[in-house]
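Note sheet for the following structure.
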DNA sequence: TTCATTCCTTGATCTAAATCAGGATTTTCG
DNA sequence: CGAAAATCCTGATTTAGATCAAGGAATGAA
């Protein structure tokens, strides 16, 4: 069996501003923001970016790799609340009373951060940045809520189809291919996130492959028939 | 059968500041905020506070009654994403590209609002208000995410127990009884929210009543054994 | 009050997906 | 590289909860 092409996505020389706040700021404001952005050491697979209950330190932008956010329950169980791909911001959960989940790298991942103090100052000084942060947080709320729609009373196939279409759309928005992208997370993690057993994830992916809607080679997913796949979402 | 006592919860003469931003603002700032808060006509049962896709107009605080937020899918199906009780803020979903859900009164409800322009000005002028809004939005993100935990791989009893404990805690925080409170929403709505059939909601409530953990009379729910009920959550 | 509507409960049946089990494949790392 | 570990796939069985069905309370309007 041929070795599947390994590929990874990254935003080289990224900055928080470039990646996440397109057109919201003018050049001077961008520079102000840039100057406050801190680089962060590379995260190995399994490394923590921040931990549950830790006080808020920074907002982070993923430059390359993938993070998952996890709620750890008392009994050691874990529930994944989100995956974060290059260009996406993670950390909004921590602004109230510290982080309510942990952020873990599921592969080698690089990020940069905007520290709290800088965020506090800049959002006061730059109205358009303030509005942009409000917008981004609002979008996170919307995203989480649409996830409720994905979980409640949906079949396993509908959940997987929704998940794949969602990934595709997010990669497209960030300038990557919407048709072929890495599926960095394990079946176990997908199942955990979507509220189903890993075995079921596997079965559904097999079914979708057999129906020629997708193909999966190693970590690389290809959408063969986006239209038909969208139908399986079945709103 | 005796008629159950009807009771409703309300925050009389409430203001956004008093209800939601305790201790964050000084007297002068409070007055600034107060002066911008707009009263809103009473909402009858079933009335819309705002509609899906409507541009953002205000943040609203519930003074009395209950609202639900609903995503309407193309096929006419609806998914409830949240319930909002007296003292809680609704509308954060609209700050990005307009409202992504509708807010509907499930009983006679009164609210007051903070218009966008006022929010924009005041969050610029008052750093502590800005931080408070960030905190409130962060909390909404956290709430939605913990809902994912409630929905994913939980039994129907665990979901209902979680839902009831959550309501109890929210009423307690707002100064109402944590032990006896109104269950304003229909079984159908609870089921929709928790991703289960209305019949199952009914069965689980019956089981919990039979086990003497709760009692339900009309719209009034009483928690008879909070400790045992908490165990049914099964983290 | 009475009637109509909506809401709630309970029972019987059916099904999607969990669980259990085993083997195959891929990845990791010394 | 090669062995160990992790991950993935597929089949058989079981079960929680959906669905179908019907009668009973509560609510609201006339």
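Every number in this text was worked out from the coordinates using simple rules, so none of it is lab data. Just so you know, these numbers come straight off a predicted model, no measurement behind them. Cβ atoms come from the backbone with ideal geometry, glycine included; neighbour counts cover every protein chain shown.
Helical content alone sets the calculated 222 nm signal of chain A at -13000 deg cm²/dmol, taking -39,500 (n - 2.57) per DSSP H segment of four or more residues and averaging over every residue. With 5 Å bins beginning at zero, the pair-distance distribution over Cα atoms of chain A amounts to 1, 6, 13, 17, 19, 17, 12, 8, 5, 2, 0, 0 %.
Here r is the Cβ-Cβ distance between residue A:77 and residue B:97 and R0 is 51 Å; the resulting FRET efficiency, rounded to 0.05, is 0.90. Here the translational diffusion coefficient of the range A:136-178 follows from Stokes-Einstein with Rh set to the Kirkwood radius across Cα pairs; for 25 °C and 0.890 mPa s it amounts to 219 µm²/s.
If R0 is 22 Å, the Cβ-Cβ spacing of residue B:186 and residue A:153 corresponds to a FRET efficiency of close to 0.85. In nanometres and ascending order, the distances from the residue A:199 label point to those of the other copies are 2.7 (point 7 Å from Cα along Cα→Cβ).
At q = 0.08, 0.12, 0.17, 0.20 Å⁻¹, what is the log10 ratio I(q)/I(0) for the range A:96-235, with the Debye formula run over Cα points and no solvent? Scattering profile of the range A:96-235, log10 relative to I(0): -0.29, -0.62, -1.06, -1.32. With Cα atoms defining each centre, the range A:108-148 and the range B:194-235 are spaced 38 Å apart in the structure. Taking every alpha-carbon pair under 8 Å whose residues sit at least 6 apart, chain B reaches a relative contact order of 20 percent. Here is how far apart the residue B:26 label points are across copies: 3.2 nm, shortest first, using a point 7 Å from Cα toward Cβ.
Kirkwood analysis of the protein assembly as shown, using all unique Cα-Cα pairs, places the hydrodynamic radius at 23.6 Å.
Find the centroid of the Cα atoms in the range B:38-61 and in the range A:159-181, then give the distance between the two in whole Å. Here the answer is 34 Å between Cα centres.
Remark: relative contact order (the range A:155-233) = 37 percent; criterion is Cα-Cα distance under 8 angstrom and separation of 6 or more residues.
Shape analysis of the range A:155-233 based on the Cα gyration tensor places the equivalent ellipsoid semi-axes at 18, 14, 12 Å, largest first. Listing A:139, A:23 from fewest to most neighbouring C-beta atoms within 10 Å gives A:23, A:139.
Taking every Cα-Cα distance in the range A:16-150 and sorting them into 5 Å bins starting at zero, the pair-distance distribution P(r) comes out as 2, 10, 19, 23, 21, 15, 7, 3, 1, 0 percent.
Here the label points at residue A:143 and residue A:199, each 7 Å from Cα along the C-beta direction, are separated by 3.3 nm in the simple model. What separates the residue A:220 label point from its copies, with the point 7 Å along Cα to Cβ, is 6.7 nm, written shortest first.
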